[in-house]
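Values in this text are rule-based calculations from the coordinates and carry no lab data. These figures come from a predicted structure and were not determined experimentally. Every residue, glycine as well, gets a Cβ built from its backbone with ideal geometry; the counts of neighbours run over all protein chains shown.
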Amino acid sequence: MPKHALRRVMTATVTAIGALALGLTDATAHATPATLDYVALGDSYSAGSGVLPVDPTNLLCLRSTANYPHVIADATGARLKDVTCGAAQTADFSQAQYPGVAPQLDALGTGTDLVTLTIGGNDNNTFINAITACGTAGVLSGGKGSPCKDKHGTSFDDAIEANTYPALKAALRDVRARAPQARVAALGYPWITPAAADPSCFLKLPLAAGDVPYLRAIQAHLNDAVRRAAEETGATYVDFSEVSDGHDACEAPGTRWIEPLLFGHSLVPVHPNALGERRMAEHTMNVLGLD
């Protein structure tokens, strides 16, 4: 073969190999998943309040470094910005909850890929008021009847429907406006009480027998408000009604996800323990297809 012809063949071969290598490199680059920019919003159930170790960067929020956002970030390799804060209400998405604690929505941006949140339980002080009122009534009644339901009737449900539900929708719309490209997951609350009274649980969760299903129904209504708000704003609702059943505060350590009001193993009663935070993370990743 003449030298000039051989040179043309070699040049074409080198060019083809280079193009192939470039194509493979480019394909490999595109095949590598991008790191998620993940922002965690929400209240003490999101913050993991009561679970050690505590995040020392903001002790006011009683945020754990073992909360479900950290579990998700560790499992997915996401870049986490955790602004969850104990006692947060939906209003604290757009206003400072404490001096030096910025509105939670400030953490969001156009580059945010994933947002998770658990919020609404502190609006109207629903959780604290219901648990305190029903716990007090349970002690005074010796666990008999339904004194909390008899006294408060539909008041908790009325406040959820009139105030919490529209506040949840507004908060989720604000999240979408701040992070238009993000996938937003609104988590429900795992069960605090069993479906029916357990006499052996009275010392840990002093509710009258008739008030156990009453309190559970209030929680179910709150979760349904979160679900409806999520669906109406394009967010994904993460439902814990089935997976958390049998893991309520009346169960034994190692089974329960929620610590009881009395004689529990957490700094903050009636909140998820470390197991609960892990299970919340795992179920959320499963629902979102991140596992």
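Which residue, Pro99, Pro53, Pro213, has the most motion in a Gaussian network model of the chain that connects Cα atoms within less than 10 Å?
Pro99
About the Cα centre of the range 220-291, how large is the charge dipole given +1 on each Lys and Arg Cβ and -1 on each Asp and Glu Cβ? Please answer in debye to the nearest 20.
Value, rounded to 20: 180 debye.
Under a Cβ-Cβ cut-off of 15 Å, what is the net charge of the residues other than Glu277 that fall near it, where Lys and Arg count +1 and Asp and Glu count -1?
Charge balance near Glu277 sits at -2.
Quick one: dipole size for the range 29-165, taken about the Cα centre, charges +1 on Lys/Arg Cβ and -1 on Asp/Glu Cβ, in debye to the nearest 20.
Computed about the Cα centre, the dipole is about 340 debye.
Provide the percentage of antiparallel DSSP beta bridges, counting only those with both residues in the chain; round to the nearest 5.
10
Find out how many positive minus negative residues lie around Ala252, taking Lys and Arg as positive, Asp and Glu as negative, among other residues whose Cβ is under 15 Å from that of Ala252.
Cβ neighbours under 15 Å give a net charge of -2.
Lysine pairs in the chain 8 or more apart or on different chains: how many have alpha carbons under 29 angstrom apart?
5
With no solvent and one equal point scatterer placed on each C-alpha of the chain, evaluate the Debye formula and give log10 I(q)/I(0) for q = 0.11 Å⁻¹, two decimals.
Ignoring solvent entirely, the Cα scatterers give -0.65.
What is the spin-label model distance, in nm, from Tyr98 to Ala252 if the labels are put 7 Å beyond Cα along the C-beta direction?
Here the modelled spin labels are 3.7 nm apart.
For Asn129, put the label point 7 Å out on the Cα→Cβ axis and report which residues of the range 194-236 keep their amide N under 15 Å from it.
218-219, 222
What's the extension gain from Ala162 to Leu60 if we count 0.36 nm per residue and subtract their Cα-Cα distance?
Computed gain between Ala162 and Leu60 is 33.8 nm.
List the residue ranges in the chain for DSSP H helices whose C-alpha atoms run 30 angstrom or more along the long axis and whose Kyte-Doolittle average is -1.0 or above.
Length and hydropathy pass: 3-31, 211-232.
Quick check: pseudo-label points 7 Å beyond the Cα along Cα→Cβ at Glu242 and Asp150, how many nm apart are they?
Simple spin-label model gives 3.8 nm for this pair.
Set the Förster radius R0 to 22 Å, insert the Cβ-Cβ distance between Thr136 and Leu203 as r into 1/(1 + (r/R0)^6), and round the FRET efficiency to 0.05.
For R0 = 22 Å, the calculated efficiency reads 0.90.
With bins 5 Å wide starting at 0, give me the P(r) of the range 175-260 over every alpha carbon pair, in whole percents.
P(r) over the range 175-260, rounded to whole percents: 3, 15, 20, 20, 14, 10, 8, 6, 3, 1.
Under 1.5 on a/c is rounded, so check that first for the range 37-117, then, if it is not, pick prolate when a/b is larger than b/c and oblate when it is not; a ≥ b ≥ c are the square roots of the alpha carbon gyration tensor eigenvalues.
Cα axes put the range 37-117 in the oblate bin.
Can you tell me which of His221, His152, His247 moves the most in a GNM of the chain? Springs connect C-alpha atoms under 10 Å apart.
Maximum fluctuation in the GNM of the chain, among the listed residues, is at His152.
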